[in-house]
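Where a number appears in this text, it was derived from the coordinates with a stated rule and is not lab data. Keep in mind that this is a model prediction, so the values were computed, not measured. Reconstructed Cβ throughout: ideal geometry from the backbone, glycine too, with neighbour counts over all protein chains shown.
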Amino acid sequence: MTVGAEIADAGVGRRRLLMGGVALGVGGVLGSALGSGTAWADAGPPITDCAGWKARPNSAVVPIWNQRPVKILVHHTATPNQADTSQNAAFALARSIQNFHMDVRGWLDTGQHFTISRGGFLMEGRHRSLEVLRIGQRQVEGAHCTGQNIVSIGIENEGTYSTVGPPAAMWNRLRDTCAYICRQYGIKATEIYGHRDFKNTACPGDHLYGMLPRLRTEVGGLIGQRIEGEEAQKASWPLLQEGDSGPDVTAAQYLLRDAGMTEGEPDGTFDATTAAAVRRFQLATGAEEINGVLGGESWPELARTVRYGESGDGAKAVAALAATRDTESVPDVVTAPVWQRLLGTGGAPIPPSSDPVGPPR
């Protein structure tokens with residue numbers, strides 16, 4: 001969600017952070033008494049602070065909230081899967097992310113809380129994230145996912161994981177980092193999600209996203225939470241874009257027509273006309289990115305409640321999915337969890353939680 005190919009990744013844009021919160025002298029970093037650049041190893045995995053990778057000073061006050069995050073969001077940087085896995089390469093990555101976020105996005109600092117390189121080096125992202133994590137009582141407001149910047153910790157993983165998995169060093173560090181964050185904040189291991197769960201984006205890539213049940217299970221094992229089978233699965237929304245086809249697309253087309261975004265006859269092919277209808281819907285519903293990709297931000301708006309006895313396009317969308325899934329019966333009221341089951345995602349529903357509104361408190 002940062003630089004390089006990420007610029008073209010679906011749904012990357014995020015809001016500019018509000019100023020406010022607890023004052024921070026620019027360039028502030030945990031461990032001044034121990035010297036800058038400390039790679040902490042006393043509790044949890046070693047984490048290099050902002051001074052350690054030579055971060056620029058933050059351009060404004062970093063907002064701090066007097067509440068704990070309740071989930072972890074996994075991202076990928078959508079940059080090349082480079083062969084250089086050295087510490088120097090990791091620090092260069094952190095600097096390039098910060099430069100992109102500050103100079104191009106216009107943010108006050110790096111957007112995510114922590115960054116993990118392909119070599120498994122873990123670095124503080126936004127200033128004060130490490131300090132606040134060590135305390136385990138408050139939360140640094142990030143900029144990694146609008147609507148989830150306060151209630152979640154954002155972790156960037158270097159590389160692109162659409163068709164390949166992360167290297168072992170990165171995976172092991174991600175697992176250990178998630179376990180430490182869960183211990184510090186009392187977060188359940190089941191509350192680990194991908195960026196796409198909340199936005200119209202492919203992030204963190206199909207392959208890494210598919211590994212999240214394994215991550216929940218492994219993290220649970222590290223923190224004494226036994227997670228088995230379906231408990232590791234989370235209900236999600238399918239990511240649909242141009243070139244896709246099938247019953248999910250047919251249902252989406254019926255729903256788009258139901259919402260007045262198209263007059264075309266559903267045919268199960270996500271073509272340019274369907275993408276245009278999705279963009280119109282995103283514009284009408286205030287989606288962050290008007291990109292024609294149907295994902296975790298727009299599906300909940302599109303898949304409206306459908307009740308027994310309806311005969312319009314919403315009901316046709318339900319019928320199309322029920323027929324292809326060999327579902328014998330459908331509840332009289334089709335709400336989000338039912339839609340997700342019909343769309344074939346399965347798993348436990350995501351507990352509703354979003355950022356509070358107003359100044360940090």
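Computed quantities for the displayed model
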quantity: DSSP bridge orientation in the chain - percent antiparallel, rounded to nearest 5; calculated: 45 percent
quantity: Förster radius 35 Å - calculated FRET efficiency between Ile135 and Ala169 (Cβ-Cβ, nearest 0.05); calculated: 0.80
quantity: Three-way shape label, region 238-296, alpha-carbon gyration tensor, a/c 1.5; calculated: oblate
quantity: Lysines with Cα under 30 Å of Lys234, excluding same-chain neighbours fewer than 8 positions away; calculated: Lys71, Lys188, Lys199, Lys316
quantity: Using alpha carbons only: equivalent-ellipsoid semi-axes of region 173-222, gyration tensor based, whole Å; calculated: 20, 12, 8
quantity: Inverse mean reciprocal Cα-Cα distance (Kirkwood Rh) of region 95-231, Å; calculated: 15.4 Å
quantity: Gyration tensor verdict on region 151-258 (Cα atoms; rounded if a/c is under 1.5, prolate if a/b is larger than b/c, oblate otherwise); calculated: prolate
quantity: Crossing angle, helix 87-99 versus the chain [Cα axis fit, 0-90 degrees, rounded to tens]; calculated: 60 degrees
quantity: Relative intensity, log₁₀ I(q)/I(0), of region 88-140 from a Debye sum that treats every alpha carbon as a point, q = 0.14, 0.24, 0.29, 0.32 Å⁻¹; calculated: -0.38, -0.91, -1.08, -1.16
quantity: Within-10-Å neighbourhood charge of Leu93 [Cβ basis; K, R +1; D, E -1]; calculated: -1
quantity: Region 241-361 shape via C-alpha gyration tensor axes, a/c threshold 1.5; calculated: oblate
quantity: Counted charge near Arg138, where neighbours are those whose Cβ lies closer than 14 Å (Asp, Glu -1; Lys, Arg +1); calculated: +3
